[in-house]
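The values are calculated or read from the model by the stated rules, or taken from the named source; none is laboratory data. In this text the structure is predicted, and so the values were computed from the model without any measurement. As a convention, Cβ positions derive from the backbone with ideal geometry for all residues, glycine included, and neighbour counts pool all protein chains shown.
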Amino acid sequence: MTPSRRVHGRKLSSYDFGRTTVYASRFDPRLSYCAYVPLGYDEDGTQGYPLAVVVHGTLRDATGSRDAFAAFAEAHSCIVLAPLFPAGITGPADVSSYKLMVPCPIRYDLALLAMVEEIGARYRLAGPRFSLFGFSGGGHFAHRFFYLHPERLQAVSIGAPGIVTLLDRERDYWVGVRDFAAVWGRPIDIEAMRTVAVQTVIGADDLDTWEITITPSHPAWRSDWDVAGENRPERLASLKASFERNGIVVRHDAVPGVAHRWDGLLPAVVDFFGERIPRLPPSSPTPRT
């Protein structure tokens with residue numbers, strides 16, 4: 001774990017370096033985000049900093065997810081953004097509205113893009129593209145965001161989603177993408193998706209199905225809801241295969257001895273991101289006045 005030593009900039013405060021405070025989103029203040037910024041971030045330099053976005057699962061440990069990538073951020077001079085999509089947004093029992101990306105009162109994909117814009121207004125980013133990792137519920141979000149905005153992604157790591165949307169033009173959304181343009185108002189851009197580095201990652205022992213079974217009483221029920229398989233490994237394999245049938249190259253990591261735990265997947269994700277983000281020499285976290 002990297003040190004949490006605070007530094008001050010001429011324009012930025014100590015809360016803007018290292019593990020930042022939590023900010024309300026200007027897009028919707030019910031949503032929020034935190035970040036990790038390398039302690040040596042140079043306000044006066046010209047170097048652009050790559051951005052990696054880490055999306056939480058149902059337990060919504062956004063700060064913990066951010067902290068897990070702190071050493072990576074320092075080693076690669078990379079900024080990490082961790083959004084927080086609270087439960088209860090669309091109703092008292094809502095824990096999943098950000099996952100299926102079914103159109104609802106909040107466009108979570110646009111909320112994330114707005115957070116990226118806020119970060120870009122505060123820090124120098126390397127460009128419009130960023131890397132995206134999501135685990136469990138965040139894995140739901142990550143692969144559906146990939147369908148909607150591939151032109152914004154450099155890399156996407158899809159971690160152990162329980163329910164997947166296959167790149168299948170024979171089935172309607174959310175199981176497939178046949179009516180995607182009608183649902184979202186924009187077609188899927190397969191050519192743009194082929195430019196993104198893709199990882200599917202899961203624990204080899206992630207076999208429980210109690211949380212990922214949809215019954216007819218569920219609002220997302222579809223008669224073909226389980227066509228991708230019975231458990232998470234089978235469904236992720238089906239998602240990978242649907243990508244590959246469309247010419248999208250996928251790196252797949254099944255981590256031995258790991259069940260449904262994001263920390264068990266972290267080494268594989270860091271290795272994948274590390275192949276896409278140059279390891280730049282970290283700058284010195286010299287205190288500023």
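Counting only helices (runs of 4 or more DSSP H) wholly contained in the range 116-222, the ones carrying 2 or more residues that are of a type outside the set (Asp, Glu) and touching a Phe, Trp or Tyr at 6+ places or on another chain (Cβ under 7 Å) occupy 137-148, 180-184.
So, of the residues in the range 61-87 that are part of a strand (DSSP E or B) and of a type in the set (A, V, I, L, M, F, W, C), which turns out to be surrounded by the fewest Cβ atoms within 10 Å (Cβ to Cβ)? Write out each step before concluding.
Of all residues in the range 61-87, those part of a strand (DSSP E or B) come to 79-84.
Checking which are of a type in the set (A, V, I, L, M, F, W, C) leaves us with 79-82, 84.
Details: ILE79: 26, VAL80: 28, LEU81: 26, ALA82: 27, LEU84: 22.
Only one residue fits best here, namely LEU84.
Filtered by the rule that a residue be under 23 Å from VAL249 (Cα atoms) and loosely packed, with under 14 Cβ neighbours inside 10 Å, the range 170-185 gives a lone residue, GLU170. Among residues of the range 1-20 being among the hydroxyl-bearing types (Ser, Thr, Tyr) and modelled with pLDDT under 95, the one that is nearest to HIS260 (Cα to Cα) is THR2. Selection of the range 93-115 for residues being in a loop (DSSP other than H, G, I, E, B) and either touching a Gly at 6+ places or on another chain (Cβ under 9 Å) or surrounded by 17 or more Cβ atoms within 10 Å (Cβ to Cβ) (or both) yields ASP94, VAL95, SER96, MET101, ILE106.
Of the candidates ARG186, ARG171, ARG251, ARG144, the single residue that is more than 22 Å from GLY57 (Cβ to Cβ), touching a helix residue (DSSP H, G or I) at 6+ places or on another chain (Cβ under 9 Å) and among the basic types (Lys, Arg) is ARG186.
Looking across the range 37-71, the residues that are in contact with a Leu (Cβ under 9 Å, 6 or more places away or on another chain), farther than 18 Å from THR21 by Cα and not hydroxyl-bearing (Ser, Thr, Tyr) come down to GLU43, GLN47, GLY48, PRO50. The set of residues from the range 21-43 being within 18 Å of ILE106 (Cα to Cα), loosely packed, with under 14 Cβ neighbours inside 10 Å and touching a strand residue (DSSP E or B) at 6+ places or on another chain (Cβ under 9 Å) comprises just one member, ALA24.
Filtering the range 193-216 to residues that are within 20 Å of VAL227 (Cβ to Cβ) and of a type in the set (Ser, Thr, Tyr) leaves THR200, THR209, THR213, THR215.
Among the residues in the range 232-239, are any more than 19 Å from the chain's Cα centre (by Cα), in a loop (DSSP other than H, G, I, E, B) and at pLDDT 95 or above? No, the range 232-239 contains no residue that is more than 19 Å from the chain's Cα centre (by Cα), in a loop (DSSP other than H, G, I, E, B) and at pLDDT 95 or above. Between THR46, THR90, THR58, the distinction of being among the hydroxyl-bearing types (Ser, Thr, Tyr), part of a loop (DSSP other than H, G, I, E, B) and either buried (at least 23 other Cβ atoms within 10 Å of the Cβ) or in contact with a Pro (Cβ under 7 Å, 6 or more places away or on another chain) (or both) belongs to THR90 only.
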